[in-house]
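For reference, the structure is listed below as structure tokens.
Since every read-out is calculated from the coordinates, none of them should be taken as a lab result. Since this is a predicted model, take the numbers as computed values, not measurements. Neighbour counts are summed over all protein chains in view; Cβ atoms, including those assigned to glycine, are modelled from backbone coordinates with ideal geometry.
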Amino acid sequence: MLEVCQIRKSFGKRTVADGISFRVAAGEITAVLGASGSGKSTLLNMIAGLTAADGGEVRLGGVRLDGLPPERRDVAMMFQDFALLPHLNVCDNAALPLRLRGVGKAQARRRALAVLAEVGLADLAARRVADLSGGEQQRTALARALAAEPKLLLLDEPFSALDAALRGRLQKQTSDLVRQRGIPAVLVSHDAEEACRMARQLVLLGGGRVLQQGTPDAVYRRPVSAAAARLLGCAN
Ligand code: ADP
Ligand code: MG
């Protein structure tokens with residue numbers, strides 16, 4: 001399980017995290033909902049170790065991650081813009097994290113192909129990423145994220161660039177894979193519908209704090225404030 005405890009971050013005078021805490025159980029997705037600029041990406045970057053927190057703790061399976069460099073955290077991230085290498089083929093992109101970790105070429109390829117088959121891309125393994133559709137690119141990014149067998153998956157609005165039908169398929173596929181692999185995942189989104197579809201728990205962020213957290217059902221039934229209701233899309 002992932003535990004984020006009292007994490008804090010300011011950029012100059014702007015406080016983007018003012019003591020944020022939540023937990024994510026293995027095999028479950030927690031969605032962090034917040035307006036644009038509310039600090040969602042910064043929160044994920046702190047969990048991944050890409051941005052240093054000013055205070056607080058992050059634990060994964062009971063082990064403190066703070067202080068560990070990103071490459072030793074066993075955390076995979078997916079972004080809106082895919083962040084793939086366009087000139088490499090699908091298989092080499094999916095195998096890249098394994099290669100960077102020193103896994104031999106043949107074994108990395110074998111493992112990448114297995115994950116590509118899981119996301120339905122086995123037939124496109126030799127295709128250059130630049131020649132793929134948006135949905136295929138994002139499935140390649142999903143395969144790459146999972147190929148290294150991460151202990152945590154961080155999703156930074158990964159589906160927002162896709163059209164509605166594709167988005168729905170990828171949301172489902174990602175939720176299924178998180179459940180099957182039994183790892184915790186954090187999805188940040190500004191889309192309440194996506195958050196409710198994918199997540200077991202919602203964390204509503206505003207002003208650097210957690211405005212409310214709970215199951216989608218509980219949070220929708222009783223938003224604690226006007227700001228919370230706005231994030232859920234039920235008030236203006
Ligand atoms: P979100 O992902 O919710 O849109 P971000 O985490 O990207 O929000 O950004 C939150 C706030 O922190 C924004 O005001 C942004 O400009 C600021 N910010 C993010 N990263 C930096 C940085 N490296 N230096 C200064 N300000 C930053
Ligand atoms: Mg962001």
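Axis angle, to the nearest 10 degrees, between helix 90-100 and the longest C-alpha principal axis of the chain: 70 degrees. The mean sequence separation of alpha-carbon pairs under 8 Å and at least six residues apart, normalised by the residue count of the chain, gives a relative contact order of 29 percent.
Placing unit charges on the Cβ atoms of the charged side chains and taking the dipole of the stretch 50-198 about its Cα centre, the candidate lying farthest along the positive direction among Ala83, Gly62, Gln137 is Gly62. Taking Phe82, Phe11, Phe159 as the candidate residues, the one with maximal mean-square fluctuation in a Gaussian network model of the chain, Cα springs under 10 Å, is Phe11.
When Lys and Arg each count +1 and Asp and Glu each count -1, what net charge do the other residues less than 14 Å away from Arg111, Cβ to Cβ, add up to?
Details: positive: Arg99, Arg101, Lys105, Arg109, Arg110, Arg144, Arg181; negative: Asp92, Glu118, Glu149.
Summing Lys/Arg as +1 and Asp/Glu as -1 gives +4.
Charged side chains reduced to their Cβ positions (Lys and Arg at +1, Asp and Glu at -1) give the chain a dipole of some 380 debye around its Cα centre. Could you identify which residue out of Arg222, Arg23, Arg59 has the top mean-square fluctuation in a GNM of the chain using Cα springs shorter than 10 Å? Greatest mean-square fluctuation among the candidates belongs to Arg222. Calculated mean residue ellipticity at 222 nm for the chain: -11000 deg cm²/dmol, from DSSP H runs with n ≥ 4 weighted as -39500 (n - 2.57), summed, divided by the residue count and rounded to 500.
Think of each Lys and Arg Cβ as +1 and each Asp and Glu Cβ as -1; about the Cα centre, that makes the dipole of the stretch 106-155 roughly 200 debye.
Using Cα-Cα distances under 8 Å and only pairs 6 or more residues apart, what relative contact order does the stretch 89-219 have, in percent?
So the answer I get is 19 percent.
Counted residue by residue at 0.36 nm each, then reduced by the alpha carbon distance between them, the extension gain from Arg59 to Phe11 reaches 14.9 nm. Computed over the chain, the Cα gyration tensor eigenvalues convert (square root of 5λ each) into semi-axes of 30, 21, 15 Å, ordered from largest to smallest.
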